[in-house]
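The values are calculated or read from the model by the stated rules, or taken from the named source; none is laboratory data. Keep in mind it's a predicted model, so treat the numbers as computed, not measured. Every residue, glycine as well, gets a Cβ built from its backbone with ideal geometry; the counts of neighbours run over all protein chains shown.
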C-alpha cells in the first residue's frame, strides 16, 4: 500500500507544463521535528526528476518565480521530492482520496507552489481535515481566493505591507542583522528564536486570512 495519493494530474497553473499534486503521510507519520506530524503535499513536474527540473529551469511549473528556486531552496531535492517522484514513476500513487486513519493537518507545499493547481483542487483536499499550513510567493498574481488558505511569503517589510493591503496575512522572513517583530506580527513559535514552543502541526497559525490572527515573522536560517 502506498503512503499517499495523487490529487492533481494535469497542467500547471503557472506555466502549463504537466505536473502532479501528491499527498503523502497517509500511512506513516512525518519525522520532521519542526512541523510535527502532518500530511505532506508535493507539487512535482511529471516527466523530469526534481533536480534535473531545477538544473534545466523547468521548475517554473511547480515553483513559479520563487526567489528561492534552485540551489537556494531549503528543500533537499535529492531526498523527499526525489523519493516521491520516483515512487510515482515506478509504481504510481492511486487517485482515490484516502487519508488512511490519520486525521492530521496538511502541510501545503512540502515542495512546490500550492497555487500551481486550481484553487478548487486545494479546497477539496483540505475539506474535513484537522487544519493545514500553506505559503505562496505568487500572492501578487495568483487566484485571489488562495489568500483565504495561504500565507503570502514575503522577504521585506515593504512586501509584507503590500500583501497585507491586498488582504493577505503574511509570513515574513527577516533577513536583517537586527531582526524585528512588527506590531501586527508574532514570532513563529515553532522556530529556534521562538523557543520551539510548539510544532506547526499544533500551532496552525499559517493558514491564511480565514484564520483570525496576526501575521508571522521568522528569522532567516
(message) Tell me yes or no: at least one residue of segment 156-169 is assigned to a strand (DSSP E or B) and either surrounded by fewer than 21 Cβ atoms within 10 Å (Cβ to Cβ) or in contact with a strand residue (DSSP E or B) (Cβ under 8 Å, 6 or more places away or on another chain) (or both).
(response) no
(message) For segment 174-195: of the residues being out of contact with any strand residue (DSSP E or B) (no Cβ under 6 Å at 6 or more places or on another chain) and touching a residue at least 40 places away in the same chain (Cβ under 8 Å), which is surrounded by the most Cβ atoms within 10 Å (Cβ to Cβ)?
(response) 190
(request) Hey, could you check segment 108-148 for residues that are assigned to a loop (DSSP other than H, G, I, E, B), touching a helix residue (DSSP H, G or I) at 6+ places or on another chain (Cβ under 7 Å) and assigned by TED's automatic domain parsing to the domain that holds residue 206 and say which is surrounded by the most Cβ atoms within 10 Å (Cβ to Cβ)? (result) 139
(request) Would you mention how many residues in segment 15-44 are in contact with a strand residue (DSSP E or B) (Cβ under 9 Å, 6 or more places away or on another chain) and either in contact (Cβ under 8 Å) with a residue 40 or more places away in the chain or farther than 17 Å from residue 78 by Cα (or both)? (result) 20
(request) Output the number of residues of segment 206-220 satisfying the condition of being in contact (Cβ under 8 Å) with a residue 60 or more places away in the chain and either exposed (fewer than 15 other Cβ atoms within 10 Å of the Cβ) or in a loop (DSSP other than H, G, I, E, B) (or both). (result) 5
(request) Considering each residue of segment 4-45, count those that are surrounded by fewer than 17 Cβ atoms within 10 Å (Cβ to Cβ) and more than 15 Å from the chain's Cα centre (by Cα), and give that number. (result) 11
